[in-house]
4 protein chains.
Amino acid sequence: MIKTAIVGATGYVGEELARILTRHPLAEISYITSHSYAGQDYAGIYRNFNRIIEQKCVEENIEELSDRVDVLFMALPHGIACKKIKPAILEKVKIIDLGADFRLKSREIYEQWYNTEHEAPELLREAVYGLCERKREEIKEARLVANPGCYTTCSIMTLLPAVKEGLIDTGTIFIDAKSGVTGAGRSLNPGVHFAECNESIKAYKIAAHRHTPEIEQELGVKITFVPHLIPMQRGILSACYAKLKDKTLTHEDINQVYLEYYGKEHFVRVMEKDVYPETRWVRGSNFCDIGMKIDGRTGNIILIGAIDNLVKGASGQAVQNMNIMFGLDERMGVDSVPTCL
Amino acid sequence: MIKTAIVGATGYVGEELARILTRHPLAEISYITSHSYAGQDYAGIYRNFNRIIEQKCVEENIEELSDRVDVLFMALPHGIACKKIKPAILEKVKIIDLGADFRLKSREIYEQWYNTEHEAPELLREAVYGLCERKREEIKEARLVANPGCYTTCSIMTLLPAVKEGLIDTGTIFIDAKSGVTGAGRSLNPGVHFAECNESIKAYKIAAHRHTPEIEQELGVKITFVPHLIPMQRGILSACYAKLKDKTLTHEDINQVYLEYYGKEHFVRVMEKDVYPETRWVRGSNFCDIGMKIDGRTGNIILIGAIDNLVKGASGQAVQNMNIMFGLDERMGVDSVPTCL
Amino acid sequence: MIKTAIVGATGYVGEELARILTRHPLAEISYITSHSYAGQDYAGIYRNFNRIIEQKCVEENIEELSDRVDVLFMALPHGIACKKIKPAILEKVKIIDLGADFRLKSREIYEQWYNTEHEAPELLREAVYGLCERKREEIKEARLVANPGCYTTCSIMTLLPAVKEGLIDTGTIFIDAKSGVTGAGRSLNPGVHFAECNESIKAYKIAAHRHTPEIEQELGVKITFVPHLIPMQRGILSACYAKLKDKTLTHEDINQVYLEYYGKEHFVRVMEKDVYPETRWVRGSNFCDIGMKIDGRTGNIILIGAIDNLVKGASGQAVQNMNIMFGLDERMGVDSVPTCL
Amino acid sequence: MIKTAIVGATGYVGEELARILTRHPLAEISYITSHSYAGQDYAGIYRNFNRIIEQKCVEENIEELSDRVDVLFMALPHGIACKKIKPAILEKVKIIDLGADFRLKSREIYEQWYNTEHEAPELLREAVYGLCERKREEIKEARLVANPGCYTTCSIMTLLPAVKEGLIDTGTIFIDAKSGVTGAGRSLNPGVHFAECNESIKAYKIAAHRHTPEIEQELGVKITFVPHLIPMQRGILSACYAKLKDKTLTHEDINQVYLEYYGKEHFVRVMEKDVYPETRWVRGSNFCDIGMKIDGRTGNIILIGAIDNLVKGASGQAVQNMNIMFGLDERMGVDSVPTCL
């Protein structure tokens, strides 16, 4: 059994990791850490785990944990993981960081968007950006995987073939993304008070969200990214807009390119013509659904992607990464059927 | 008192008209028509009107009604109003049509998008497009007002100053609109079953929604329009994307243009810098809130508008139109404070 | 114009008071107080008031306010109002307290349920329990009105005729009440985080909620009260269960009693047989809807009441109280039509 | 592998069965039947199954299916299964009926509550009521299992120990149950239109719901049962009220009785003192959580149970029944961790 520790287990990403790892046939949760809840029963915080997880939260100590487990999942606010992860630790344990600290290759861009100094710039080169379908070979060898953000996973997967194959005018890309409220995390603020986000929709951090440089890094182009908050638990839908370079391209042409990229990927489902993703079709699962439409009147293309922000957008992909790193079947433990109801 | 009739009163737009007109100080509801519910108490269908509206639904008969009331509100599916409205009727009664039949000036475009023959093309020229803030003077004289669609009201108001003043590259306009479920109307289909639209988001009728030509007619440019369904009762948020023509334009420049257009409009609120519309701030009201952001990195602009689809997007604007047509204060009866909770 | 001040205006009850008073034809909001937001624009906190309320929040000073306004609405956590309200103040200003401090006639019961000393027990006798339909005559003369709680308004109104007329076995009363999330107030805690109360239902404070003694005081009987949290913005539904004293009583008998109590009350709607309240039929309004069913198989009765917790359950009833205290038509400013959509 | 057929697979119960059986290690779905969708891809109806289930819906033919599969799951409206199931069929195949036809032992009571003739009364004696924790030994031998209703499973499990051990006054039992909207099934009607059940709560079929006689049959007492509709996808919470027979009973006494009944049951979690069930703690799982509170002031007890209506309340319990019937570990394929987010 692969011994795992979840560092920062009481956030939503941590909860979802615990849920997935509990049923993973070849992994076990050895430690659950939490600073705020140290000493408390994990199942007293998340009572869904009543009679399933009997462990207490412990204070996190990366040094000690790295001697005792095979892989550390780190689910911490940005700026903390890069303080704690040292080269010496990576010699003892594999790390999958679900935070933002190792996703950007450029220290400057990180410091500019996150407004803080990066404390381990020497590891940026080593860290592998853990978008499984794109970096599988590197992930196999990695000691440190930077698990992608939720908006980024959805946006990159949706746009990648079109950008890489030169189908769209890269000066005209707009991403309008919508996320359920779990994407905002567990911290309390008026914006996540039920009474103030239910029955409403808003855009926020317009052209200023920290997932922007991550998308740009992987796509290699500049984009305008606008996230929205939707009154639902989970799910991300990204509508990606651009002008086609060649207006004679047909749906079949574009679809063919997408099938070349994703046809053999278990977790990517390119949808048939005139069918578009809905977040309910991927809820609770590790799938990324992608649909597309050419607007012949304007020569524009609309690409739509959907994921579950807590699964493919965070914890599911993290376990997929673990599977790749440990030579297991990628689908192991993360192959649940979406719960559309 | 202005005598009114609501034709097709049992749909959501009709219900909202009844709600507003009930409290209008200078109008009264003389007739409520419904084919399916003729003979039934209106308050037995919408029990919010219990002890408020005591009328029964009657079979609609435009001829008769036109002799008995001062204004007809028609809230019918497309293709019906244009069969019923004749020049002779317009000599007797003012008509505010909340359906689609008289919004498009071009019979060809109507027939192409609605897939049906237009039965009263001779009235298309006379009908005034009832976007109050834009057509106020014509509405004053109108006999037949075509009340704009919900998505269109929001999208046109949000984009109009930018397009008309030549601030944006009109070849790059994308409108990503999100609507609450009342926007889909009262007809039953699996897409509005609670269990199949709650906790999910989807785009639909991508680049194929019938509000598209209406937006294009009023803005005078081609656009890509993509509507989404949001699990909430009411509200529309339109995010409008485009490239700025001149990248040196600042927020202050754009804001100034918007204030010139809307600064004196009671029902339009241009938001201060870095504050963006949320549908809850306009819920239940006739306001249209507009915010904007320049993405300096890409030279793009994001314009966001919000309305209540049933009020400014339908029945509220219809009553605002009635007020204008009858020489009343535009705000009369439609000046309720948004209910943010 | 009646000059009013809203003390503690940034909670949900305060917001709703502001919304109602803004459109009251004979009252005006002279002061809006808030400790946390003093100096800030009220419309910057609740942007629905953008261009409607231009006042800033001020620090609350009851002494000063009592010289400047005609009526103080106090919307504060329990234990504060009773510190601030002095007999000398009541000689200058009328007070409607929306908190809990003056609702219970017994200082002992207050101190036992609220776990704190009552700081103005000498005012308990003077304070009038402001359940308008029940205490109208006393309210007319009152200087200090204790506005009832939300659950209590709904539960008392639903049960009162049955209890007072001796129709039910008062040893068998169970109240199962359900409330929307605004009832929990604006304070942040995990229980109101969207992600932790959406898509779930729970009972809480079972047989321990502080509205219990208030219900018992007014009904004069002991009851078991169990509140539940429902994933919706607003609304309370109380299902009240009891054994009938006389199993030969029919629906018509009970209905007749209810009509005697409420038939002439504008804000109480006793529903016809086999029709039951739904919170949407009263949403945004000051109505209390009541329905009933006799279970002939068991000799039990089920009485169901519905109100909007923020209107009839708080701010609407407070304004209704103001109207009574100032000799106005009770309905003035609080007669909006429920918004069922 | 156990070969299964899902008869009536396009309802919500059928979808959930498909979801569970797809991941069952020792069962496979051999046939999916649907009258309305015969010939169509199942994954075209429920796109969550895209690339997971490749079968088409077929017309149901019980005779043929009984030759080809080991177990039939029947998810049909009442009155149909009892027409189709014949003794001869039961000699060839095991049947788990998720409808109502074989739950009631008394033909008279069935016909009275369902208003229709029972077409296979001779099978009522043989059919085993499939409440697994209660009838395990009989289920092992059964050919025909009547899977209990959702409200009934929750209510019976919550009340059973208290009733059977004579702890409560059985003349005073009230069950106030709340269900998510999937409980209403997939049929379209205005009551499940998002716009008409979202943001509202109502009681319905008060003291007249068809699950009532099922609860009474299993508990052996008369009860008043009142269901409510809650704006959420899934989950049932039953609050059960009664007077204690002996007011000196403590929480520990009652708890002890519940632990004797359920302490060794994998799928029943009796909660610790002062902790109560929330539907989110069981969502997506086969658990039934039970909490309790004694109201010392009144001598009443409140028992609260929670299940997922589609899992323990329908398809999960059906698979648990299959496991028991085929000698498998009861938990196989239905042991997923609740998804609280």
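Would you check which residues across the range C:223-232 are facing another protein chain (nearest Cβ under 10 Å) and open to solvent by less than 10 Å² (accessible area, probe 1.4 Å) and list them?
Within the range C:223-232, C:ILE223, C:THR224, C:PHE225, C:VAL226, C:HIS228, C:ILE230, C:PRO231, C:MET232 meet the criteria.
Where in the range B:1-114 are there helices (runs of 4 or more DSSP H), lying wholly inside it, with at least 1 residues that are under 21 Å from the mean Cα position of the chain (by Cα) and either among the aliphatic types (A, V, I, L, M) or within 14 Å of chain C (Cβ to nearest Cβ) (or both)?
Per the criteria, B:12-22, B:81-84, B:107-114.
Being surrounded by fewer than 19 Cβ atoms within 10 Å (Cβ to Cβ), over 26 Å from C:CYS240 (Cα atoms) and either of a type in the set (S, T, N, Q) or without any contact (Cβ under 8 Å) to a residue 12 or more places away in the chain (or both) is true for just one of D:GLU122, D:GLU108, D:GLU165. Which residue is that?
D:GLU108
Answer yes or no as to whether D:LYS273 is at negative phi, among the basic types (Lys, Arg), touching a strand residue (DSSP E or B) at 6+ places or on another chain (Cβ under 9 Å) and not assigned by TED's automatic domain parsing to the domain that holds D:ALA18.
yes
Restricted to the range C:18-30, and to residues that are closer than 18 Å to C:VAL93 by Cα and in contact with a Ser or Thr (Cβ under 8 Å, 6 or more places away or on another chain), which residue is most open to solvent (accessible area, probe 1.4 Å)?
Among those that are closer than 18 Å to C:VAL93 by Cα and in contact with a Ser or Thr (Cβ under 8 Å, 6 or more places away or on another chain), it is C:GLU28.
When residues of the range A:218-241 are filtered for being in contact with a His (Cβ under 7 Å, 6 or more places away or on another chain) and within 21 Å of B:ARG234 (Cα to Cα), how many remain?
Residues flagged as in contact with a His (Cβ under 7 Å, 6 or more places away or on another chain) and within 21 Å of B:ARG234 (Cα to Cα) within the range A:218-241 amount to 1.
Could you pull out the residue among D:GLY191, D:GLY220, D:GLY235 that is surrounded by fewer than 21 Cβ atoms within 10 Å (Cβ to Cβ) and on the phi > 0 side of the Ramachandran plot?
Only one candidate passes the filter, namely D:GLY220.
Scanning for something closer than 30 Å to B:GLU196 by Cα and in a loop (DSSP other than H, G, I, E, B), does the range D:151-166 turn up at least one residue?
No: zero hits.
Considering only the range B:194-217, state which residues are under 30 Å from C:GLN233 (Cα atoms), of a type in the set (Ser, Thr, Tyr) and open to solvent by less than 10 Å² (accessible area, probe 1.4 Å).
The one that is under 30 Å from C:GLN233 (Cα atoms), of a type in the set (Ser, Thr, Tyr) and open to solvent by less than 10 Å² (accessible area, probe 1.4 Å): B:SER200.
With respect to D:GLY171, determine if the residue is small (Gly, Ala, Ser) and crowded, with 19+ Cβ neighbours inside 10 Å.
Criteria not met by D:GLY171.
Return the pairs, sorted by first residue and then second, in which the second residue is surrounded by 15 or more Cβ atoms within 10 Å (Cβ to Cβ) and at pLDDT below 95, the first residue lies in the range A:184-202 and is in a loop (DSSP other than H, G, I, E, B), the beta carbons are less than 8 Å apart, and the residues are 6+ apart or on different chains.
none
For the range C:150-162, give me the residue count where each residue is open to solvent by 10 Å² or more (accessible area, probe 1.4 Å) and either of a type in the set (S, T, N, Q) or within 9 Å of another protein chain (Cβ to nearest Cβ) (or both).
0
Being more than 29 Å from B:VAL181 (Cβ to Cβ), among the aromatic types (Phe, Trp, Tyr) and assigned by TED's automatic domain parsing to the domain that holds A:HIS193 is true for just one of A:PHE267, A:PHE287. Which residue is that?
That would be A:PHE267, the only listed residue that is more than 29 Å from B:VAL181 (Cβ to Cβ), among the aromatic types (Phe, Trp, Tyr) and assigned by TED's automatic domain parsing to the domain that holds A:HIS193.
Only one of (1) over 27 Å from D:ILE206 (Cα atoms); (2) polar (S, T, N, Q); (3) touching a residue at least 12 places away in the same chain (Cβ under 8 Å) fails for C:ASN323. Which number is that?
All conditions pass for C:ASN323, except number (3).
Would you pick out the residues in the range B:131-156 that are under 19 Å from B:ILE89 (Cα atoms) and small (Gly, Ala, Ser)?
B:ALA142, B:ALA146
Just for the range B:199-214: of the residues that are β-branched (Val, Ile, Thr) and closer than 14 Å to A:ARG297 by Cα, which one is nearest to the other protein chains (Cβ to nearest Cβ)?
Only one residue tops the list, namely B:ILE206.
Quick check on the range B:169-197: of everything there that is facing another protein chain (nearest Cβ under 8 Å) and among the charged types (D, E, K, R), which residue is nearest to the chain's Cα centre (by Cα)?
Only one residue tops the list, namely B:LYS178.
Filter the range C:127-149 down to residues that are in a helix (DSSP H, G or I) and open to solvent by 20 Å² or more (accessible area, probe 1.4 Å) and give me whichever is nearest to the other protein chains (Cβ to nearest Cβ).
The selected residue is C:GLU133.
Residue-wise test of (1) more than 30 Å from C:TYR151 (Cα to Cα); (2) open to solvent by 50 Å² or more (accessible area, probe 1.4 Å); (3) not assigned by TED's automatic domain parsing to the domain that holds C:LEU21.
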position	(1), (2), (3)
C:ILE62	no, no, no
C:ASP67	yes, yes, no
C:VAL71	no, no, no
C:HIS78	no, yes, no
C:LYS83	no, yes, no
C:ILE95	no, no, no
C:ALA100	no, no, no
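Of everything in the range A:263-292 that's facing chain B (nearest Cβ under 9 Å) and hydroxyl-bearing (Ser, Thr, Tyr), which residue is most open to solvent (accessible area, probe 1.4 Å)?
The residue in question is A:TYR276.
The values are calculated or read from the model by the stated rules, or taken from the named source; none is laboratory data. Bear in mind the structure is a predicted one, so any value in this text is a computation, not a measurement. Backbone-built Cβ (ideal geometry, glycine too); neighbour counts: all protein chains shown. The area values use the complete protein model at the heavy-atom level, side chains included, leaving out ligands, DNA and RNA. Shrake-Rupley method; radii C 1.70, N 1.55, O 1.52, S 1.80 Å.
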